[in-house]
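See structure below.
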Amino acid sequence: MKPDANHQAGLRPLSNRTGTKEGQVTCPDCGAGFSVDEPRCPYCGALNPSGAEKAYMNELAEINEDVAELADDAQEDFRASLRGNARRTVVIVVIVVAALAAMFLASNCIGKGQERHAVQEFQTRESFRAQHFDEFDRLYEAGDDDALSEYAWSLMDEPGFDALFSWEHIGLLQAHDAWEALRSTADRIGAGECKLDDYVWSVSLALRLAQFDTSDRTLGAALSPEDEKRAAVYRAYGRQFLQNVLQMSDDEIAAFADEAKDSDGYVQEKKLKHNLEVRLKQLGTSF
């Protein structure tokens, strides 16, 4: 049975029985009045299209605002990151440039320092030549090798002394000094004061002086014919020294030297020491 009008009216909310106020809408399902902005009837839950649309648009606007804020924040963070990276990049570039500049300056300073040092050494040697070569030449022309050697040794602590090795008669001077050293060793050998290492040094020196070992060019390998004539007496002493110590002929001394040479023809101290020790023991020489 269909309810009468009064019964239907009793089902409606009491607040809306008098009719719909301004800004309100009547629910099509339960007849209640409610705000037009409500998306649904607060009494029966029926959909209010206009209110629902408005609520949806409001929510959409809020979402858009939040997204915009997030985007702004992201952009600001990105810009801040860029600014930070830019600053770091600038700092790194400045550091790298400064390091390269320092390296360049250091290299330049080292190069200039080396250049100045080389110039100073050259000037020092030239000064030594200017001060002493005339006296070397005078003593050489006088034929006084002892005085020549004494004068040279007196200058060993002079700046630029290494310029002496460019003197044209240095080979003769070295042959003379080797001869003097061997004479001193011969005296010590006669007094029984030499050890094995002393024998090794003196025999090695005598081999070069007597030219049984020509691998070392420090003892006049480039002597002029005139200097070679003057050095002949020193070379002869070297051969005599070897004959006395080793008690061998020249051919045997040459073979002895060859046995101590390496594949490149250089007499090696270790081989020479071993062979010399064997020979001295054979001769009953004490050391």
Open item on the list: Please determine whether any residue of the range 211-221 is at positive phi and surrounded by 13 or more Cβ atoms within 10 Å (Cβ to Cβ).
Closed with: yes
TODO: Find all pairs meeting these conditions: Cβ atoms under 7 angstrom apart; at least six residues apart or on different chains; first residue within the range 139-165 and on the phi < 0 side of the Ramachandran plot; second residue part of a helix (DSSP H, G or I) and small (Gly, Ala, Ser).
DONE: Leu139/Ala147; Leu164/Ala152
- [ ] Quick one: in the range 233-281, of everything that is polar (S, T, N, Q) and within 50 Å of the chain's Cα centre (by Cα), which residue is farthest from Val203 (Cα to Cα)?
- [x] Ser263
Open item on the list: If Glu269 meets every condition in (1) touching a helix residue (DSSP H, G or I) at 6+ places or on another chain (Cβ under 8 Å); (2) in contact (Cβ under 8 Å) with a residue 60 or more places away in the chain; (3) farther than 29 Å from Leu173 by Cα apart from one, which number is that one?
Closed with: (3)
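Report whether or not Ser127 is modelled with pLDDT of 70 or more and either closer than 30 Å to Gly23 by Cβ or loosely packed, with under 10 Cβ neighbours inside 10 Å (or both).
no
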- [ ] With respect to Ala232, determine if the residue is surrounded by fewer than 18 Cβ atoms within 10 Å (Cβ to Cβ), within 30 Å of Tyr140 (Cα to Cα) and in contact (Cβ under 8 Å) with a residue 24 or more places away in the chain.
- [x] no
TODO: Looking only at the range 96-103, decide whether some residue is over 19 Å from Glu228 (Cβ atoms), in a helix (DSSP H, G or I) and either in contact with a Lys or Arg (Cβ under 6 Å, 6 or more places away or on another chain) or at pLDDT 90 or above (or both).
DONE: no
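Please return the ranges of helices (runs of 4 or more DSSP H) entirely within the range 167-274 where 1 or more residues are at pLDDT 90 or above, aromatic (Phe, Trp, Tyr) and closer than 26 Å to Leu155 by Cα.
The helices (runs of 4 or more DSSP H) meeting that bar are 170-190, 196-209, 225-246.
The values are calculated or read from the model by the stated rules, or taken from the named source; none is laboratory data. For clarity, every value in this text was computed on a predicted model and none was experimentally measured. A quick note on method: Cβ atoms are made from the backbone with ideal geometry, for glycine too, and the neighbour counts reach across all protein chains shown.
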